[in-house]
Structures are given as structure tokens and as C-alpha cells.
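This report concerns only the one structure given below.
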Amino acid sequence: MGRLIAVLLFIAVLVPGVLLSREWWLASGRRAVAGGSVELAEPTAEGMRVLHRQAQHGRRVRRLGLLLGVAGVIGSVVLLAEASVFLWVPVLVVGLLAGVLLAEATRPRPRWKLAVPHKRPRQAEQISGWLVWTMRVAVAAEVALTVSLWRAGELSDGIAWAALTAPLAAWVLAEVALLRALLRPMPADGADVPIDEALRTWTAHLVAAAATVLGLLPLGTLLLRAGIDPDRVSEGYDFLPVVAVAGGFSALAAGLAVAGFLLTWLRPVHSNARALAG
């Protein structure tokens, strides 16, 4: 009977990851609508320049993130030698996601004429509130678990600082990008409104996805580590390790799923107009 309850509990803890994947699947429909609006619109010359400038900015900063990741890998090799082999992928991933977040948080403001009086869309028009709050909850849970394990002496200082710094920095950059996208006034020319809406939508989803991944993957790793710790298993049926292992698998699976959706949003906002193609 205890094994059956453990299995049911394991399945129940996996449900949040499935629901999160479903929310991101629905977000892909929002992306299709925003991209389709740009394709059907006929932007002004300034709107085309904004698209081109934003695409260039995104590519440059993401390349910088890649270089940071490669530099981190080289630094780990210098400091830890062959012991750093397991850090290469995480360091490179952190660098790539840092590039995504920096690109969105530092996007130049469009130079088109602004609407008077200033009009600003609601955040719900750019991204689902569930995705934004999932990002915040994932980072908060990862930070809380890291601090708990650190105080219990189960994490070294170096690992604890790394597990705290990356998600918190990602969360701060994501909030900055979301705030900038929310407060930026809309353009005066109606032909440029679809471009503006698409840029805001892209930014909101990119930063939410990147910060969520940097929250969920460390969270899943720490939960698995806590769940398989033999010192935590007591006599009889102890459901705490089951919850930790199930939560770890759920967080890792959800993080990988969000990363997959993130890749689909990396393509810049595109228009078929000849000015952009040139």
C-alpha cells in the first residue's frame, strides 16, 4: 500500500511540469499571432529600421553571452583541470542564457514618433501572468532550497554562491526587461503598432523562459540530490525523499521543456518587406 501511495505521490508532483509545458505550448499561439500581424502589416520606413536595429542588437549581445560561456569553460579548466569536465555544459548554458537576458534588458528604445498622449499596453497583452509568476516562484523556490541546504552544511560555499547568483541575476534582468517593455510608450503610426506589440511579446517570453530555465534546472538538481541522500531515508515509509525525487524530475523536465520553447523564440521579429531583407 505504501508503494502505491508513493507512486501516486510521484505522479502528482510531476503534474506542475506538465501544466507548465502546456502553458508554454499555448504561448506559441500568441507568438504565431504576433508574428503574423507583422507579416500582414506594411510598416513605415522607421518601423523597418527599428526591426533591423533590434535584430542586430539581439544577435550581438547573444554572441557576447556565448563568449562569456566559453570564457567560463576555459576558466574552469584552468582552475579545476579535469575536474571541471562536468561544469562545461552548465557554464556554457548560463552564458548563453545570460546573453539572451542581457539582450532583452538592454534593447535600445525605438526611435519612432510616440503616440500623444502616451499609450501603454497591459502586461497581460504581452504574456500570460501564469508564465511570469511561474518564473518568480521557480527562482524563489530555488533560492529557498539552496539557502536551506547551505545552512544544513550540505552544500559547499562555492556551489551555494553559484546556485544563488545565477538565478537571482537572471530574475533581476528579467524584471528589468519586463518593466521596460511595459512602460515603453506605443508608436504614433498605426502601421508600426504590430511591430511594437511583437517586440514586446518576444521580449516578455524570452526573459521569462530564460529566467525560468535558470531557476528550474538548479532546483531540480538540488531536489534530486536531497532526495537520493541516504541520510534522509528513515525506517518505514518516508515520503519526503519521494517528493524530493519526483519534484526534481518534474523541475528538470519542465526546465528542459521551457528551454525547447525558448529556442523557438530566438528568431527575431521578421517582416517580408524588401527594406528589411536588404
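The values are calculated or read from the model by the stated rules, or taken from the named source; none is laboratory data. Because the structure is a prediction, the values reported are computed rather than measured. Don't worry about glycine lacking a Cβ; one is built from the backbone with ideal geometry, like all the others, and counts go over all protein chains shown. Note: areas computed on protein heavy atoms with side chains; ligands, DNA, RNA excluded. Shrake-Rupley method; radii C 1.70, N 1.55, O 1.52, S 1.80 Å.
A simple spin-label model places the labels of V176 and A144 2.7 nm from each other, with each point 7 Å out along Cα-to-Cβ. May I ask you to list, by number, the DSSP H helices of the chain whose Cα span along the axis is at least 20 Å and whose average Kyte-Doolittle hydropathy reaches 1.6 or more? Helices passing the filter in the chain: 88-105, 239-265.
Rounded if a/c is under 1.5, else prolate if a/b beats b/c, else oblate: with a ≥ b ≥ c from the C-alpha gyration tensor eigenvalues square-rooted, which is region 77-204? Walk me through the numbers on the way to the answer.
Details: a/c = 3.77, a/b = 2.20, b/c = 1.71.
Prolate, because a/c is 1.5 or more and a/b exceeds b/c.
Largest first, the residues D189, D157, D196 sort by 1.4 Å accessible area into D157, D189, D196. Expressed as a whole percent, the accessible area of the chain that falls on carbon and sulfur atoms is 69 (1.4 Å probe). Calculated accessible area for the chain comes out at 53 Å² per residue, all protein chains present (probe 1.4 Å; ligands, DNA, RNA ignored). Estimated at the nearest 10 Å², the accessible area of E23 is 50 Å² with a 1.4 Å probe. In the assembled protein chains, H270 presents an accessible area of approximately 70 Å² (probe radius 1.4 Å). The figure for R136 is an accessible area of roughly 60 square angstrom, using a 1.4 Å probe on the protein chains alone.
Each peptide among 110-118, 212-220 gets the average number of other Cβ atoms lying within 10 Å of its residues, and from highest to lowest they stand as 212-220, 110-118.
Which whole-number percent of Cα pairs in the chain have a distance greater than 24 Å? Walk me through the intermediate numbers first.
Working: 21135 of 38503 pairs.
Cα-Cα pairs in the chain separated by more than 24 Å: 55 percent.
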